[in-house]
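First up is the structure itself, then whatever we jot down about it.
The values are calculated or read from the model by the stated rules, or taken from the named source; none is laboratory data. Keep in mind that this is a model prediction, so the values were computed, not measured. Methodologically, a virtual Cβ is constructed for each residue, glycine included, from the backbone with ideal geometry; neighbour enumeration extends over all protein chains shown. Please note that ligands, DNA and RNA were not included when accessible areas were found on the heavy atoms of the full protein model with its side chains. Shrake-Rupley method; radii C 1.70, N 1.55, O 1.52, S 1.80 Å.
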Amino acid sequence: MFRPAALLALPALALTALILRGPPDPLRPSTPEDGVGPLTRRRYWAEVEGATRTPQEIAADWRHHLPQHSPKALAWFRGLDHAAPPIEQGDRLWILLLGLRRARVVIEHVDDLGFRARTLRLHPDAGTSEFRVLPGKRAGHLVLQVESIMRTHSHFDRIAYVMGVHAAQRTAWERVLDSVAAFSGGHLTNRGHESVELPMLPQVPELLATHPLA
């Protein structure tokens, strides 16, 4: 018997199977050129007063305890190459987003005040996220910041982001910043987020120069 409802469900089932299978070469580092849609620069920040730990101590704890600082219901982190922590440059991380979406990243840069993660092909985004502790001009004052420069990995991920994943992403990073702020020994005095989207894909240095988010 012909069943139109079952026929209409076939594309959804095929899409689900494709997502579960994942992309070819899933652990290859990706760049915005691997994504679709506008290049997006997002910044989430929290201002802290009265910090009792140094910016270097805060940055090191943030990196080494990223899984503990992250809300597991939204982003579950663990080491891919070895148990984490510690997390060092070159380490790859296994992530489960929203309890459903698989993601993988590699730590491509580490310094005294932060670190940067690059997405691998198995991730809903394509680009980088940088985690920084920005010292203030007075003792105990600092800004915690997460800054991403990415495109979505696929049209499906773009639709999911527009339909509501963006809100979950914002909540996840705010929870991370809250946790790191608590470790600092200080208290939050201000917070915010902002973004810039461009329909074309310029070189990243050009984007940063012409669309500052300071």
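Numbers for the structure displayed
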quantity	calculated
Cα-based shape type of region 27-99, given that a ≥ b ≥ c are square roots of the gyration tensor eigenvalues and the cut on a/c is 1.5	oblate
Whole-number percent relative contact order across region 14-127, with pairs defined as alpha carbons under 8 Å at least 6 apart	29 percent
Pair A83, L98: separation of 7 Å Cα→Cβ label points (nm)	3.2 nm
Relative contact order [Cα under 8 Å, 6+ residues apart], region 96-176, whole percent	19 percent
For region 30-173: rounded, prolate or oblate by the Cα gyration tensor [a/c cutoff 1.5]	prolate
Coil-residue trypsin sites (Lys or Arg not before Pro) of region 107-184, DSSP, other Cβ within 10 Å capped at 15	K137, R138
Coordinate range along principal axes, alpha carbons of region 83-142, Å, largest first	42, 22, 21
Solvent-accessible area per residue, Å², over region 65-169 with all protein chains present [probe radius 1.4 Å]	45 Å²
